[in-house]
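Quick notes on the structure that follows.
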Amino acid sequence: MAAAEDRLVEVQRRLVGGYQLLQTLVGIRLRAVTDPESVRHLTWLSDVTAAMELISRRMAADGPLDFAGYLEDVADFWTRACEGRPVRVDVRGQTALLPDSHLLPLAIITHELISNACRHAFPDNRRGSIAVAFSRAVGGVSLVVRDSGLGATTLVPGEGLMMVQGLVEHLGGAMSIETAPEAGVGVRIRLPLESARTH
């Protein structure tokens with residue numbers, strides 16, 4: 001049993017190394033391309049890889065993974081990404097253990113929502129904040145990502161939000177979006193956990 005656990009930890013550590021290498025390769029490629037579409041797609045790939053690396057680091061550590069602890073890593077990552085801009089990233093989360101089936105999708109969802117806010121909510125060096133709240137809910141968990149940026153009268157979901165919606169539906173959850181001009185954008189996600197435990 002101990003040998004099997006050791007092998008699993010080693011596999012997880014190798015995965016982290018693989019994600020780090022992929023991020024390095026994407027970064028090298030980004031320096032070599034100028035086409036805006038290529039830059040956009042490679043930047044997205046870099047963000048997803050970062051999400052997978054951060055959650056994999058937590059998975060490789062001893063003991064059960066607490067998603068609220070992972071959010072602290074996410075806050076540090078995006079604070080560095082926003083360095084030099086007047087944008088603050090705040091997270092607060094309740095301790096909650098998630099099934100393995102939820103960890104990677106929820107990590108990608110969180111990164112995508114924060115990335116959208118960082119890149120689109122605060123043009124022209126606009127000052128603002130991004131707040132992430134994760135909590136337990138009846139039969140599941142709740143994730144809310146809200147920014148204080150531009151907002152809009154209506155919000156037409158782009159590729160990023162459509163991907164988030166797809167992952168939420170894959171996990172059997174629900175997503176709602178609130179926005180108004182000069183009032184930012186808020187995305188609320190509810191994911192059930194009861195059904196995940198029965199599979």
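The values are calculated or read from the model by the stated rules, or taken from the named source; none is laboratory data. If you're wondering where the values come from, they're calculated on a predicted model, not measured in any experiment. Neighbour counts run over all protein chains shown; Cβ positions are idealised from the backbone, glycine included. Note: areas computed on protein heavy atoms with side chains; ligands, DNA, RNA excluded. Shrake-Rupley method; radii C 1.70, N 1.55, O 1.52, S 1.80 Å.
State whether one or more residues within the stretch 100-123 are among the aliphatic types (A, V, I, L, M), open to solvent by 70 Å² or more (accessible area, probe 1.4 Å) and either farther than 27 Å from Leu42 by Cα or in contact with a strand residue (DSSP E or B) (Cβ under 9 Å, 6 or more places away or on another chain) (or both).
No: the stretch 100-123 contains no residue that is among the aliphatic types (A, V, I, L, M), open to solvent by 70 Å² or more (accessible area, probe 1.4 Å) and either farther than 27 Å from Leu42 by Cα or in contact with a strand residue (DSSP E or B) (Cβ under 9 Å, 6 or more places away or on another chain) (or both).
Can you find even one residue in the stretch 1-10 that is part of a helix (DSSP H, G or I) and either modelled with pLDDT of 75 or more or touching a strand residue (DSSP E or B) at 6+ places or on another chain (Cβ under 6 Å) (or both)? Within the stretch 1-10 (the criterion being part of a helix (DSSP H, G or I) and either modelled with pLDDT of 75 or more or touching a strand residue (DSSP E or B) at 6+ places or on another chain (Cβ under 6 Å) (or both)), the answer is no, since none of the residues qualifies. Tell me, yes or no, whether the stretch 105-123 has at least one residue that is aliphatic (A, V, I, L, M), at pLDDT below 90, within 23 Å of Glu72 (Cα to Cα) and in a helix (DSSP H, G or I). Looking through the stretch 105-123, none of the residues is aliphatic (A, V, I, L, M), at pLDDT below 90, within 23 Å of Glu72 (Cα to Cα) and in a helix (DSSP H, G or I).
Of Arg146, Arg126, Arg58, Arg119, which residue is without any contact (Cβ under 8 Å) to a residue 24 or more places away in the chain and within 16 Å of Val185 (Cβ to Cβ)? So that I can check it myself, show each step before the final result.
Values: Arg146 fails: without any contact (Cβ under 8 Å) to a residue 24 or more places away in the chain; Arg126 fails: without any contact (Cβ under 8 Å) to a residue 24 or more places away in the chain; Arg58 fails: within 16 Å of Val185 (Cβ to Cβ).
Residue meeting the stated conditions: Arg119.
Residues that are modelled with pLDDT under 90 and open to solvent by less than 20 Å² (accessible area, probe 1.4 Å) were ranked within the stretch 79-97; the one that is nearest to Gly149 (Cα to Cα) is Cys82. On the basis of being on the phi > 0 side of the Ramachandran plot, at pLDDT below 95 and surrounded by 14 or more Cβ atoms within 10 Å (Cβ to Cβ), does Gly160 make the cut? In short, no.
Determine whether Leu150 is surrounded by 13 or more Cβ atoms within 10 Å (Cβ to Cβ), touching a helix residue (DSSP H, G or I) at 6+ places or on another chain (Cβ under 9 Å) and assigned to a strand (DSSP E or B). Quick ask: steps written out before the conclusion?
Values: surrounded by 13 or more Cβ atoms within 10 Å (Cβ to Cβ): yes; touching a helix residue (DSSP H, G or I) at 6+ places or on another chain (Cβ under 9 Å): yes; assigned to a strand (DSSP E or B): no.
It is false that Leu150 is surrounded by 13 or more Cβ atoms within 10 Å (Cβ to Cβ), touching a helix residue (DSSP H, G or I) at 6+ places or on another chain (Cβ under 9 Å) and assigned to a strand (DSSP E or B).
Mind checking which residues of the stretch 23-44 are open to solvent by 60 Å² or more (accessible area, probe 1.4 Å) and in a helix (DSSP H, G or I)? Full working, then the answer.
Our first condition is that a residue be open to solvent by 60 Å² or more (accessible area, probe 1.4 Å); within the stretch 23-44, this holds for 24-25, 28-29, 31-32, 34-37, 40-41, 44.
Listed by number, the residues that qualify are Thr24, Leu25, Ile28, Arg29, Arg31, Ala32, Pro36, Glu37, Arg40, His41, Trp44.
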